[in-house]
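Any read-out appearing in this document is the output of simple, stated calculations on the displayed coordinates, not a laboratory observation. What you see is a predicted model, and the numbers here were worked out from it, not measured in a lab. Methodologically, a virtual Cβ is constructed for each residue, glycine included, from the backbone with ideal geometry; neighbour enumeration extends over all protein chains shown.
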Amino acid sequence: MVRSRRTTSGHRGELRETPDSACHGLVDTVTGEGPGGRRSGREDGVAILAVRDLTVRFGGIVALDAVSFEVAAGQIVGLIGPNGAGKTTLFNCLSRLYTPERGTLAFEGRSIQDAPPHRIPALGISRTFQNLALFPSLTVLQNIMVGVHCQSRGDFVSSAFRLPAVRSEEARIRAEAWALVTVFELEGVADQRAAGLPFGTLKRVEFARALAGRPRLLLLDEPAAGLNHEEVAALARLIREIRDERDVTILLVEHHMGLVMEVSDRVVVLDFGRKIAEGSPAEIQQHPDVIRAYLGVAPGETALR
Ligand code: ATP
């Protein structure tokens, strides 16, 4: 097993009162579907995401250096690498928070590079954030309702006058959010404000909120941070269940190697912005460049030569 050189996460349950890109846009003008609309007959194995030659620089730092890989529809792909490898930068490119200097990003065969960040969830891509992006003053249920609301088709006038259709839409949103509360076993805190809840609980809320938009591609940024051993085991089961039952492809950034190796179909490894390996979990665990990146030495080498 490859062990991460990161030993502590240092995360706290700090929340910003700023909305993330959880809820934007009503109808996808690229695909013509509503947000979260399912494509019928999705072909497993076909690339849902194609990253080509992606390069991002911050001044003199090359955060991503010509990174290319594909994610097949229906797979769980682990994206790993030591601290500073470029994982979050890649997620930020996919969320369109960063614009790459070079390279292309295609989702379901179409470029997403011209899509503004607020349209990404409507295109079918949701994400969670390493350090959370929830509304602290809303309850857990309300935070998840925000995610469901992304696929609501209510218009301004109907909402302003609270027409009957709006009331039934609200009931649907509440019911759908509550269903996710039960999936993530958040019933006990559903009516509590997010502010002050433990970090591990908030990670689950954010995961539920990301799923609420019915994405076809889910970007999970360190979902195991702050979780104990039993909670990580439960998270592994949940990630697989969600992929199997909700028709979601998952790209997983995670430092917990046990979780990555257990749930991933494939693993992509970054180090100093470059892709150094890609393969099955078993291949990655044996890969000399991966072992060298994490431990500083490859098998058979001694560190003190
Ligand atoms: P971690 O596992 O610690 O979260 P990571 O693999 O997600 O690390 P990134 O956060 O993507 O790594 O960072 C890649 C490199 O780019 C690092 O050297 C980081 O300091 C740098 N970097 C990331 N974002 C910025 C930014 N906004 N401005 C300047 N440098 C940045």
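Restricted to region 201-241, and to residues there that are closer than 28 Å to residue 118 by Cα and β-branched (Val, Ile, Thr), the residue that is surrounded by the fewest Cβ atoms within 10 Å (Cβ to Cβ) is 201. For region 100-121, the set of residues classified as in contact with a Ser or Thr (Cβ under 9 Å, 6 or more places away or on another chain), under 17 Å from residue 249 (Cβ atoms) and either aliphatic (A, V, I, L, M) or within 16 Å of the ligand (Cβ to nearest atom) (or both) consists of 105, 120, listed by residue number. Meeting the requirement of 2 or more residues that are more than 16 Å from the ligand (Cβ to nearest atom), in contact with a strand residue (DSSP E or B) (Cβ under 7 Å, 6 or more places away or on another chain) and in contact (Cβ under 8 Å) with a residue 24 or more places away in the chain, the strands (runs of 3 or more DSSP E) wholly within region 234-289 are 249-253. Taken over region 47-85, the criterion of being within 10 Å of the ligand (Cβ to nearest atom) and outside any loop (DSSP other than H, G, I, E, B) is satisfied by 56, 57, 58, 61, 62, 63, 64, 79, 80.
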